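Just below is one structure, and these are the notes that go with it.
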Amino acid sequence: QVQLVESGGGLVQPGGSLRLSCAASAEIGSRYAMAWFRQAPGKQRDFLASITRTGVTNYAGSVKGRFTISRDNAKNTVTLQMNSLTPDDTAVYYCHPMSTTYWGQGTQVTVSA
C-alpha cells in the first residue's frame, strides 16, 4: 500500500525556518523523482521543488534560495528545509512522487507574528 506522510509543519514567525519531512512507502520512496507542492486557501496547488533519484534539484522562482529539497533513498524520505519564511508561505504543503497520482495528506505551515 502506497503511503506518503508529511510532517514538520506548524506555526512560525516571519523570518523563521521549518523543516518538513515526507516518509514514503518503500515502493515509491526511491523509485520516483519527488516533489513538494503547496496550496494556500482558495488558490491552486503550486509546485515548489523537485529532486530526481540521483539528486538533481529544481526550484520554483518563489522559493529558490530560501528552500532546499533533499532526499534519503535508503530511508525513503524527502525533506524540505524552508528558511526566511514570510506570511505568503502559509499553506498546506504536500509531497508528491512525480509521474504518479499519489499525494500525502499534507502538513499545515502558518507564518505569522
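Observations
- Within segment 90-113, considering residues that are farther than 13 Å from Phe37 by Cβ and touching a strand residue (DSSP E or B) at 6+ places or on another chain (Cβ under 6 Å), the one most open to solvent (accessible area, probe 1.4 Å): Gln108
- Among the residues of segment 12-71, those that are more than 16 Å from Thr90 (Cβ to Cβ), open to solvent by 70 Å² or more (accessible area, probe 1.4 Å), at pLDDT below 95 and touching a strand residue (DSSP E or B) at 6+ places or on another chain (Cβ under 9 Å) comprise Arg31, Arg53.
The values are calculated or read from the model by the stated rules, or taken from the named source; none is laboratory data. Worth saying up front: this structure is predicted, and the values here are computed from it rather than measured. Every residue, glycine as well, gets a Cβ built from its backbone with ideal geometry; the counts of neighbours run over all protein chains shown. Areas reflect the complete protein model, heavy atoms only, side chains present, ligands, DNA and RNA absent. Shrake-Rupley method; radii C 1.70, N 1.55, O 1.52, S 1.80 Å.
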